[in-house]
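K.L.:
Just dropping this structure here.
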Amino acid sequence: MAKAETKSAGSGAADARSDLVRGTLEMLILKALVPGPLHGLGVARRVGQITRGAFEVGPGSLFPALHRMEAAGWLASEWSESENRRRAKFYTLTKAGRRRLEHESKRWGRVSLAIARALEAT
Amino acid sequence: MRPDDDRDLDDEIEATLDLMADEKERAGLSSGAARRAARLELGRGGAAFGVEAIKEGVRDTRPRTALSGWLSDLRQALRGMARTPGWTALVVLTLGVGLGASTAICGVVNAVLLRPLPYPAADRLALIWAHFGPESKAPASGHQLLALRERSRLFDTIGGIWVTSAALTGHGEPEQIRAGFVTANFLPLLIDKPALGRHFADGEDGPGKPALVILSDAIWRRRFGADPDMVGRTIQMDGRAVEVRGVLPSSFRIAFPESSRVPPDIDAYIPMPFDLAGGPLDVSFIRVLGRMTSGTTPVQAQAELDRIGAALRAEYKEYASQQLGFNVAPLHGEVVGPARPALLALSGGVALVLLIACINVASLLLARGAERQRELTMRSALGASPGRIARLLLTESVVLALAGGALALGIGSWLLAALQALQPEGVARTGPARLDLGALAFAIAATLAAGILSGLTPAVAAARGRIAEVLKRGGRGQTGGGLQRARNILIGCEVALGCAVLASAGLMARTMHSLVRVDPGFEAGRALTLQLALPGPRYPADADRVRFALRAQEALGAIPGVEVAGMGSNLPLDTSLPNWYSPYWREGAQEGERDGLMADHRSVLPGFFRAVGAHLLEGRDFTEDDVAQGRLVAVVDDTLARRNWPGQSAIGKRLALETMIESDFKTQPAEVIGVVHHVQFHSLTDEVREQVYIPYSLAPRNQISFVLRSRGRGDGQGGSAGRDGDDPGALASPARAAIAALDPDLPVARVVPLAHYVDQARRATRFLSLLSAALAGIALLLAVVGVYGVSSGSVTRRTAEIGVRVALGARRLDVMGLVLGQGMRPVLLGCAAGLGLSALLAPLYAHLLFGVRPFDLATYGAVAVVLVLAGLLACYVPARRAVRLDPLDALRAD
């Protein structure tokens, strides 16, 4: 892990930035799924809710993220009936997903602390 | 990406749309408006566009192992190809046919010309020909063989073979087989070890040695049931007990040039029982094979043979007057030599066809690349990197090339089998032909490169940011007149090349036609032939053989339905028997002139000329009396008569001729009593040698052939050689019975119509003309496909323009004329260039032609007509489509 981080840090500012955004989106999706399974649109709406509208997740980034995270094993998916009796694909947090959320939250805590300190320092 | 995953994604997005629409509806929108709003939100910038972008985004997240990445590309490629099935089929077919034909023919050429012969140290094997008088590739006499063996240092082994036939008896039906009399060291030159038993040991050849034989695999299986204990068994050959020394493996075949009269399928090898040292100096019959010491070049070997020849001429006056010498000829070159011009011409034809196929594919890919410019630009606009696009194009090309290659393998192996079945004896003797995978691989690689290049141009244009420009052009994928010009030039080239291939095929067809019409000096129709070999031990004296031959001829002539039976030492165009030729001179010739002339030597019974249908020009046939008295009389052919007595009658003139009385060769003067038209004994096209016929009693050989001419329903006159007239096959069993009644132990061999030998003589040419016709067919097909593709593409592109013209009042005929005119321009130009190209190429294969000039105007004209008609046909289909266009539809087509 440490090794991978060094590498990504060395590969340039652009990568680091998109990693940051991607990491944030992933963390928010994980967070949104903690209470229970949701379909894609539900995830988008829940993220809107928990960030009080600060984050609006467009489908163009939502679906790739969901699929990426499923492939990584953090999410599981299954087709079932939605509240208004539509068939939809529901995503659930896996164990790995929970661990990931924990890890991301800690990292996020560290990063935001660092940023806050940096901002205070000026 | 697996299809399941993709379908799942489609469903998921569809479901999300529904969910969004539900939301909007709950918020108070009508169901239609809700749906539109949902689409808008999901898309954010244009319906399908957005959904596709999402899908693309998701696909990019999939864990991309190398395999799944390729699978995803592969799937897209297959989808793209499935969208244009006609185009895909054209490319795959073009590749399959073009590559299949070329790999098969390359395989044959490779097997014949390039592969070494399947013998140990094959590159050191060489034939040693004697040359004397006008003969440059003559056999050697026993004395000469021994002299060569004794004096040469640069050949480590010198062996010899003489092929004749023998009778196999005592084990079922008597059977005549081909027997090779060999020196003991001959077979070890060609094979390390027999499959069973062993080679003859040194010294087991020569007179008075025990009778031994080494059998071929074929006769061991057919005649002796593949007996594993064959070695040491005794079999009956020519009425004598012979001990089997060994059996050769099934793969063993003798590869000698056809002119050597050593056929590939010899059934039995027998140590030469002759006293080579004590035989006559100049009775030449042994084909000599030598192995050069390693490191010796043919040039060095030739120099040594020249020295030996000079020494022999100095020591023996016979050799001096003959001007005897020897030529060394590496075996491989001698074997493949006769086939080389035909095969090289064939390879040239294949190269042209392959080129046509490549041009076709290039033209198709070019058109496709232009048509796909919009699609590729779109992909690029959606963020696909040039690398990604290149990979997609590469995948498409790989798929096309592989599909074409697979088809080519199928077509190629089928064609190869067909070629080998048709291949005349004497063409590929070096070994079995295989598909030339090297050629296939090369062609596939070329296709790949062409595919990427033609696809990359639009991709690069897109990457350079000309996206807007391309999209603006409305996606008709035009790159202006440049593309059309390029395709027209390609089609012009294609037609020109096709023209050259067609012209060569036309000339070969004319050659075949001439061969069918050529007068071979005999009539093959209504004639059945059979061959006998009178075993020496049972027919030792001249009188025995003459008596038997006369009785057999009489018995055969008495069969109902037989008009006349004749007997001769050789049959026209049968090249399987040893050919006896010898010097002759006209009476009064000076000593110095005597060895200058050679004639084929035939001993016959009266009736032979009538039976084979030879044309007696002057004088008379032999009589029974001539035979019985052993009168020194001869019939000569018109060539000999003209050469020796130009402007005079040959009748009554005298010649010194070789006779063989009681196995003693003697030159005696004989009186010419008749002149026949030259009979083609060796080939249909070449007059190899002049001919002398003498009564059988002057040279009663033990190899004899009979010809039975059946009574036809017609008048029996005229008609060319061919399968005209009644089927002579019905005479076969009465003929066998007639011979069996005279000698039940005598095998009757090769009971075939005389026409069979004519067929055989035409086989090589028929093979060539068939192949060139097949190549021409393929070339024509490919050219038509190419012309059609371009013309059809042009109609599609100009749909709107044509619509405008029709709307403005253009008549159907005008539209038809427009399309045809445009489509035919490259065809006509290509045709003109092609006729020029044909005239340039024709001299290269002129030696394969017979009875037609390389610049045969009729053939060229016919080729031009065929090409123009084919071109019209190819343009007519799209032209009809253009004519039937509804102007409204046409204008709407963006």
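K.L.:
Working only within region B:234-252, note down all residues that are buried (at least 17 other Cβ atoms within 10 Å of the Cβ) and at pLDDT 85 or above.
P.N.:
B:Ile235, B:Met237, B:Val242, B:Val244, B:Arg245, B:Gly246, B:Val247, B:Leu248, B:Phe252
K.L.:
Can you name the residue in region B:493-535 that is surrounded by 24 or more Cβ atoms within 10 Å (Cβ to Cβ) and among the β-branched types (Val, Ile, Thr) and, of all such residues, is farthest from B:Gly566 (Cα to Cα)?
P.N.:
B:Val495
K.L.:
Can B:Arg261 be described as within 27 Å of the chain's Cα centre (by Cα) and at positive phi?
P.N.:
Judged against the criteria, B:Arg261 is a match.
K.L.:
While we're looking at this one, here's another question. Among the residues of region B:640-671, write down those that are of a type in the set (S, T, N, Q) and in a strand (DSSP E or B).
P.N.:
Hits for region B:640-671 are B:Thr659, B:Thr667, B:Gln668.
K.L.:
Within region A:86-97, can you find the residues that are without any contact (Cβ under 8 Å) to a residue 12 or more places away in the chain and more than 10 Å from chain B (Cβ to nearest Cβ)?
P.N.:
Residue satisfying the conditions is A:Lys95 alone.
K.L.:
Could you go through region A:92-104 and let me know if any residue there is in a loop (DSSP other than H, G, I, E, B) and loosely packed, with under 12 Cβ neighbours inside 10 Å.
P.N.:
Scanning region A:92-104 turns up no residue that is in a loop (DSSP other than H, G, I, E, B) and loosely packed, with under 12 Cβ neighbours inside 10 Å.
K.L.:
Could you list, in sequence order, the residues of region B:276-306 that are part of a helix (DSSP H, G or I) and under 30 Å from B:Gln590 (Cβ atoms)?
P.N.:
Selection gives B:Leu305, B:Asp306.
K.L.:
So, in region B:1-36, of the ones that are of a type in the set (A, V, I, L, M, F, W, C) and surrounded by fewer than 18 Cβ atoms within 10 Å (Cβ to Cβ), which residue ends up nearest to the other protein chains (Cβ to nearest Cβ)?
P.N.:
So the residue we want is B:Ala27.
K.L.:
Related question: Quick one: count up the residues across region A:67-85 that are surrounded by 12 or more Cβ atoms within 10 Å (Cβ to Cβ), among the small types (Gly, Ala, Ser) and more than 10 Å from chain B (Cβ to nearest Cβ).
P.N.:
2
K.L.:
Go over the candidates B:Val852, B:Val863 one by one and state the one that is touching a residue at least 24 places away in the same chain (Cβ under 8 Å), in a helix (DSSP H, G or I) and assigned by TED's automatic domain parsing to the domain that holds B:Gly492.
P.N.:
Just one listed residue meets the conditions, B:Val863.
K.L.:
Conditions first: (1) modelled with pLDDT under 85; (2) crowded, with 17+ Cβ neighbours inside 10 Å. B:Arg812 passes all but one, so which condition is the exception?
P.N.:
Failed condition: (2).
K.L.:
Give just the number: which of (1) part of a helix (DSSP H, G or I); (2) within 14 Å of chain B (Cβ to nearest Cβ) does A:Glu56 not satisfy?
P.N.:
(1)
Per-residue answers, yes or no, for (1) surrounded by fewer than 16 Cβ atoms within 10 Å (Cβ to Cβ); (2) assigned to a helix (DSSP H, G or I); (3) touching a Leu at 6+ places or on another chain (Cβ under 6 Å):
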position	(1), (2), (3)
B:Val163	no, no, no
B:Phe181	no, no, no
B:Pro188	no, yes, no
B:Asp205	no, no, no
B:Asp229	yes, no, no
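K.L.:
Now for a separate question. Out of all the residues in region B:522-537, is one or more in a helix (DSSP H, G or I), modelled with pLDDT under 90 and over 29 Å from B:Leu684 (Cβ atoms)?
P.N.:
no
K.L.:
Could you please let me know if A:Val47 is without any contact (Cβ under 8 Å) to a residue 60 or more places away in the chain, more than 8 Å from chain B (Cβ to nearest Cβ) and assigned to a helix (DSSP H, G or I)?
P.N.:
Taking the combined requirement at face value, the residue satisfies it.
The values are calculated or read from the model by the stated rules, or taken from the named source; none is laboratory data. It should be emphasised that the depicted structure is a prediction, and the values quoted were computed from it without experimental measurement. Neighbour counts run over all protein chains shown; Cβ positions are idealised from the backbone, glycine included.
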